[in-house]
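Participant: One structure, pasted below without further comment.
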Amino acid sequence: MTDEIQELFQHIGQLAVDSVPTDEWDTITIEVKAIRSFVERTVSYSHREKQPAPKTFGIKDKGLDYDLRTTPSFERLRQLMYDEAPFRGAWYTAVMRISENGEFDTEFDYEQKPAFDYEASPEEYSVDFEHFPRNEESTPDWLKDIVQQFGLHYHEPEPLA
């Protein structure tokens, strides 16, 4: 993982920690669903004893330059992670958990169609695939149908020198 990826994790995490509306939390969870045309995020906190059920809140990033806000940060994170392993494609859902001691736990889903509040069209997924092509082996069946429908091409491995 590159330094820039680590810095983005830190930046996003710090924005979330600074935005929690209470000091009584032990876990912050950020869930992001993304394709090229849009990003949805849900941020929540919980406390084992006082707030066991997660409570959502908004990240306060409106006063920041656009590039420092969370949505462009997740878009950049998605691009950088794709650049590290393009054959795999870009992730569709990311879950980031931050514990009160500052530890990060992250999960990235590259296979499942994201459960957006708004249903993305096949064309929107095709645009995402054009920007983040994958090899055929890393392409889930639901996405293979879109690749075929729009006549897209899979990521070809680099020839060995």
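The values are calculated or read from the model by the stated rules, or taken from the named source; none is laboratory data. Bear in mind that the values here come from a model prediction, so they are computed numbers and not experimental data. Note that we place each Cβ from the backbone using ideal geometry, even for glycine, and neighbour counts take in every protein chain shown.
Participant: Among the residues of region 34-53, what is the count of those that are touching a residue at least 12 places away in the same chain (Cβ under 8 Å), surrounded by fewer than 18 Cβ atoms within 10 Å (Cβ to Cβ) and over 30 Å from P122 (Cα atoms)?
Facilitator: 5
Participant: With respect to T22, determine if the residue is of a type outside the set (A, V, I, L, M), surrounded by fewer than 15 Cβ atoms within 10 Å (Cβ to Cβ) and either touching a Ser or Thr at 6+ places or on another chain (Cβ under 9 Å) or at pLDDT below 95 (or both). Spell out the reasoning first.
Facilitator: On the way: of a type outside the set (A, V, I, L, M): yes; surrounded by fewer than 15 Cβ atoms within 10 Å (Cβ to Cβ): yes; either touching a Ser or Thr at 6+ places or on another chain (Cβ under 9 Å) or at pLDDT below 95 (or both): yes.
Here the answer is yes, as T22 does meet what is asked.
Participant: Which of the residues that make up region 25-43 are modelled with pLDDT of 95 or more and either among the aliphatic types (A, V, I, L, M) or in contact with a Gly (Cβ under 8 Å, 6 or more places away or on another chain) (or both)?
Facilitator: Residues satisfying the conditions are I28, I30, V32, A34, I35, V43.
Participant: Only one of A90, A115, A85 is exposed (fewer than 14 other Cβ atoms within 10 Å of the Cβ) and touching a strand residue (DSSP E or B) at 6+ places or on another chain (Cβ under 9 Å); which?
Facilitator: Answer to the selection: A115.
Participant: For the condition among the acidic types (D, E), surrounded by fewer than 13 Cβ atoms within 10 Å (Cβ to Cβ) and either touching a strand residue (DSSP E or B) at 6+ places or on another chain (Cβ under 8 Å) or in contact (Cβ under 8 Å) with a residue 40 or more places away in the chain (or both), what is the one hit in E107, E31?
Facilitator: Details: E31 fails: surrounded by fewer than 13 Cβ atoms within 10 Å (Cβ to Cβ).
Every option except E107 fails the conditions.
Participant: Here's another thing I want to ask about it. Where in region 65-161 are there helices (runs of 4 or more DSSP H), lying fully within it, with 2 or more residues that are closer than 24 Å to M1 by Cα?
Facilitator: Answer list for region 65-161: 70-84, 122-131.
Participant: Pull out all pairs, ordered by first then second residue, where Cβ-Cβ is under 9 Å, the residues are six or more apart or on different chains, the first lies in region 54-68 and is surrounded by fewer than 10 Cβ atoms within 10 Å (Cβ to Cβ), and the second is in a helix (DSSP H, G or I) and not polar (S, T, N, Q).
Facilitator: Matching pairs, first to second residue: Y66/P72; D67/R76.
Participant: Taking the options A85, A16, A53, name whichever one is modelled with pLDDT of 95 or more and either of a type outside the set (F, W, Y) or touching a Lys or Arg at 6+ places or on another chain (Cβ under 6 Å) (or both).
Facilitator: None of the others qualify; the one that does is A16.
Participant: Give the number of residues within region 93-104 that are buried (at least 19 other Cβ atoms within 10 Å of the Cβ) and small (G, A, S).
Facilitator: 1
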